[in-house]
1. Could you list, in sequence order, all residues of the range 23-49 that are outside any helix (DSSP H, G or I) and in contact with a Leu (Cβ under 9 Å, 6 or more places away or on another chain)?
2. Of everything in the range 50-62 that's assigned to a loop (DSSP other than H, G, I, E, B) and in contact (Cβ under 8 Å) with a residue 40 or more places away in the chain, which residue is farthest from ALA90 (Cα to Cα)?
3. I'd like the full set of residues that are within 23 Å of ILE141 (Cβ to Cβ), touching a helix residue (DSSP H, G or I) at 6+ places or on another chain (Cβ under 8 Å) and not hydrophobic (A, V, I, L, M, F, W, C), limited to the range 1-32.
4. Scanning the range 128-170 for residues that are in a helix (DSSP H, G or I) and in contact with a Leu (Cβ under 9 Å, 6 or more places away or on another chain), which turns out farthest from ILE28 (Cα to Cα)?
5. Within the range 131-141, does at least one residue satisfy the condition of being closer than 22 Å to ASN71 by Cα, touching a residue at least 60 places away in the same chain (Cβ under 8 Å) and among the charged types (D, E, K, R)?
6. Pairs please, first residue from the range 23-35 and in contact (Cβ under 8 Å) with a residue 40 or more places away in the chain, second anywhere and among the aromatic types (Phe, Trp, Tyr) and in a loop (DSSP other than H, G, I, E, B), Cβ atoms under 8 Å, 6+ apart in sequence or on different chains.
7. Could you pull out the residue among THR29, THR52 that is buried (at least 19 other Cβ atoms within 10 Å of the Cβ), within 24 Å of CYS144 (Cα to Cα), touching a strand residue (DSSP E or B) at 6+ places or on another chain (Cβ under 8 Å) and β-branched (Val, Ile, Thr)?
Amino acid sequence: MALAPALFLDRDGNLIVDHHHTCEVHQITPISGVKEALEACLQAGYRLFVLTNQSGINRGKFTWAQYHACNRRMLELLDLPTPGILEIKAAPERPDEPSVYRKPSPQFIREMVAKYQLDPARCWMIGDRITDWDAGKNAGIRSCAVRSGAGRPEDFAYAESQGFAIRADFPEFVRLDLGLKC
């Protein structure tokens with residue numbers, strides 16, 4: 001059985017507009033072109049996963065119920081064909097708290113690679129922050145830095161120094177790095 005390719009996707013600033021601790025359903029707005037890019041990836045056989053740091057939960061800014069409602073709304077708006085996004089993992093810890101899954105931890109990526117028989121050589125981590133890119137690097141997969149979120153100029157200088165792909169947004173990554181039409 002051939003191993004499958006996969007994309008590990010940050011949520012805020014990559015798939016949806018980042019409102020810094022996005023926690024209200026009315027805030028959920030997919031970034032332009034993301035739906036079509038995800039559909040192209042699914043059609044090409046990519047497995048899709050979301051890995052998101054959500055420290056607002058442990059900071060008391062919003063609840064798990066609000067977080068789950070936002071994910072439901074995102075999935076509703078994206079309306080992806082089956083299999084869609086296979087799993088979504090949130091790390092609620094603050095950066096100063098111990099965590100198994102908080103990026104840049106590679107734990108979730110490694111677990112999904114084993115569970116879904118993924119080909120690490122054909123896997124990517126895509127996001128707008130250093131922690132996203134380092135999660136990919138730490139898991140032994142490629143990373144792409146997107147400018148559609150909260151990344152700062154010095155973050156992109158780091159991405160360049162690490163040899164990560166740098167793109168305007170996820171749809172541009174899909175067109176340029178995966179060679180798919182969207």
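1. Correct list: ILE28, THR29, PRO30, ILE31, ALA44, TYR46, ARG47, LEU48, PHE49.
2. Among residues in the range 50-62 that are assigned to a loop (DSSP other than H, G, I, E, B) and in contact (Cβ under 8 Å) with a residue 40 or more places away in the chain, the one farthest from ALA90 (Cα to Cα) is LYS61.
3. Those that are within 23 Å of ILE141 (Cβ to Cβ), touching a helix residue (DSSP H, G or I) at 6+ places or on another chain (Cβ under 8 Å) and not hydrophobic (A, V, I, L, M, F, W, C): ASP10, ARG11, ASN14.
4. Once the filter is applied, the top-ranked residue is ALA135.
5. The answer is yes, given that some residue of the range 131-141 is closer than 22 Å to ASN71 by Cα, touching a residue at least 60 places away in the same chain (Cβ under 8 Å) and among the charged types (D, E, K, R).
6. So the pair list comes out as CYS23/PHE62.
7. The conditions single out THR52.
Read-outs: derived from the displayed coordinates by stated rules, not from any lab. Source: prediction; values computed, not measured. Note that we place each Cβ from the backbone using ideal geometry, even for glycine, and neighbour counts take in every protein chain shown.
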